[in-house]
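Q: Sharing a structure below in structure tokens format, with a few things to ask.
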Amino acid sequence: MPGWPVPIGITAPNILPTAGQGSNAQPALGDLDGDGDLEIVAVSHFGPAYVLNGDGSSFLGTEKKDKYKTLERKKKKFGSKTSANDGPSYPAFNGLILGIMEPGSGYTVASGTAGINRMLEIILVGKQKNAEDQLSLWDPITGDYRPNAPLEVADLQFFATPIMADINGNGSADVIQLTSGGDLLIADALDTTETARVLHTGGWGINSAAVGGNTVAGQDKHTMYLASATREGNLRLYLTGAKANRAGKTRDQWPQMGHDARNTGNVHTDTVPPSALADLAVSVRGNQLNLHFTLPGDDGLTGPAAQIEIRFGPSTGQTPLAWETGQPLAGASIPEGAATGPINLVAPAPATGSYQLMVRARDAAGNQTRVARTLFQVP
């Protein structure tokens, strides 16, 4: 494509020549200025972070000799509320993410970073410097640090990215970063090093945390959990104060590495599935089926789902019937524009026999619910 490839600077080429050379994570995509076009945020394994236009030019403009401006890294440009002191600071063995931390605010770029003294500690064996590992937050429009950034963390953040989600249910998103030492740092837009929460996972971390909803130990199936795995093979789930299916602008800005299950790296990809189908029931009266269930929303309980699919097939007892083997139930159509809530449908009954009914919902982005099932008998 015209304007590509774009050279991405490497400040220290041979820090980890076998495992860490090049780029350690995919670029992040997002429409930062609201003009309908995606911008690209990219970085090498250790070097400045670039914000690029779709044609490969610099979103932040250029400096002397047409050198691309990058996100700020100088110590004297650190945020006014940070206690960090090791600079210049660069993204180190980490990737970049995008998200909106406060409703009505612009995007924030986040990455695990390290001060130059931290890199010198690695290169100069046996030399201990006044060094810091950090979590950095930037305004991608200006390239400046957020006032509380960088935040100091306990160790390097290898081969992963932060995530960003509202895990408190207060409408504001937190940046969550796992360090190689096993500390899970949780910081909102106002937190400093001193006020950010730290969870201790009990193992070495070389991956990203993730958030999502599940039914665990009898908890509400709409509860959001924070998940983290260690190199030793332990998976930990932390119960949060947020609802997993509550749609909101800061709910899950960047819920996992790669942003979503399709690994798009695009902050605009819809990751919120419809809420679970509930109250599925079917009865047979004469030659017709009477179906009842609760229509889900598109994002959780918000807005109507784009598509409701209904299938049936021969009963296999309590064994779930594979969705692909079922056939669409003729005559069972959802009224256009039907709102979320209870609904009753009538459809022609199939021939005499035992059957399993299956219903699922899908949104316009392709996110879908689990298949709801029930058995029925046609005499």
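The values are calculated or read from the model by the stated rules, or taken from the named source; none is laboratory data. The model shown is predicted, which means the values in this text are computed figures rather than measured ones. Counting neighbours? That spans all protein chains shown, and the Cβs are built from the backbone with ideal geometry, glycine included. Keep in mind that these areas ignore ligands, DNA and RNA; they rest on the heavy atoms of the full protein, side chains included. Shrake-Rupley method; radii C 1.70, N 1.55, O 1.52, S 1.80 Å.
Q: Any residue in the stretch 150-167 that is assigned to a strand (DSSP E or B) and in contact with a Phe, Trp or Tyr (Cβ under 6 Å, 6 or more places away or on another chain)?
A: The answer is yes, given that some residue of the stretch 150-167 is assigned to a strand (DSSP E or B) and in contact with a Phe, Trp or Tyr (Cβ under 6 Å, 6 or more places away or on another chain).
Q: In addition: Of all the residues that make up the stretch 56-102, how many are among the acidic types (Asp, Glu), more than 25 Å from Asn266 (Cβ to Cβ) and in contact with a Gly (Cβ under 9 Å, 6 or more places away or on another chain)?
A: Here the count works out to 1.
Q: If only one of Leu289, Leu329, Leu321 is open to solvent by less than 30 Å² (accessible area, probe 1.4 Å), more than 19 Å from Arg362 (Cβ to Cβ), at pLDDT 85 or above and not small (Gly, Ala, Ser), which one is it?
A: The conditions single out Leu289.
Q: Same structure again: Every residue in the stretch 300-309 that is over 17 Å from Pro328 (Cα atoms) and either modelled with pLDDT of 80 or more or open to solvent by less than 40 Å² (accessible area, probe 1.4 Å) (or both), please.
A: Gly300, Gly303, Ala305
Q: Which of the residues that make up the stretch 357-379 are touching a residue at least 40 places away in the same chain (Cβ under 8 Å), open to solvent by less than 50 Å² (accessible area, probe 1.4 Å) and not hydrophobic (A, V, I, L, M, F, W, C)?
A: Arg360, Asp363, Asn367, Thr369, Thr374, listed by residue number.
Per-residue answers, yes or no, for (1) out of contact with any strand residue (DSSP E or B) (no Cβ under 7 Å at 6 or more places or on another chain); (2) of a type in the set (Asp, Glu); (3) surrounded by 20 or more Cβ atoms within 10 Å (Cβ to Cβ):
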| position | (1), (2), (3) |
| --- | --- |
| Asp37 | yes, yes, no |
| Lys67 | yes, no, no |
| Phe78 | no, no, yes |
| Ala84 | no, no, yes |
| Leu96 | no, no, yes |
| Gly104 | yes, no, no |
| Arg118 | no, no, yes |
| Leu124 | yes, no, no |
| Lys129 | yes, no, no |
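Q: Here is a further query. Filter the stretch 278-296 down to the residues that are within 15 Å of Arg370 (Cβ to Cβ) and touching a Ser or Thr at 6+ places or on another chain (Cβ under 6 Å) and list them by number.
A: Ala278, Asp279, Leu280, Pro296
Q: While we're here: Name every residue in the stretch 202-236 that is of a type outside the set (Gly, Ala, Ser), open to solvent by less than 20 Å² (accessible area, probe 1.4 Å) and at pLDDT 90 or above, in order of residue number.
A: Correct list: Leu226, Thr230.
Q: Would you please list the contacts, defined by Cβ atoms under 9 Å and residues six or more apart or on different chains, that run from a residue in the stretch 60-71 that is touching a residue at least 60 places away in the same chain (Cβ under 8 Å) to a residue that is among the basic types (Lys, Arg) and open to solvent by less than 100 Å² (accessible area, probe 1.4 Å)?
A: Sorted first by the residue in the stretch 60-71, then by its partner, the pairs are Leu60/Lys69.
Q: Has the stretch 40-49 got any residue that is in contact with a Gly (Cβ under 7 Å, 6 or more places away or on another chain), crowded, with 16+ Cβ neighbours inside 10 Å and over 17 Å from Phe159 (Cα atoms)?
A: Scanning the stretch 40-49, I find no residue that is in contact with a Gly (Cβ under 7 Å, 6 or more places away or on another chain), crowded, with 16+ Cβ neighbours inside 10 Å and over 17 Å from Phe159 (Cα atoms), so the answer is no.
Q: Identify the single condition in (1) out of contact with any His (no Cβ under 8 Å at 6 or more places or on another chain); (2) crowded, with 18+ Cβ neighbours inside 10 Å that Ile141 does not satisfy, given that it satisfies every other one.
A: The number of the failed condition is (2).
Q: I've got another one for you. The conditions are (1) in contact (Cβ under 8 Å) with a residue 40 or more places away in the chain; (2) within 22 Å of the chain's Cα centre (by Cα), and Asn148 fails exactly one of them. Which is it?
A: Of everything listed in (1) in contact (Cβ under 8 Å) with a residue 40 or more places away in the chain; (2) within 22 Å of the chain's Cα centre (by Cα), Asn148 misses just condition (2).
Q: A follow-up question, please. Suppose we keep only residues that are in a loop (DSSP other than H, G, I, E, B) and within 40 Å of the chain's Cα centre (by Cα) within the stretch 339-363. Which one would you say is modelled with the highest pLDDT?
A: Ranking the qualifying residues of the stretch 339-363, first place goes to Asp363.
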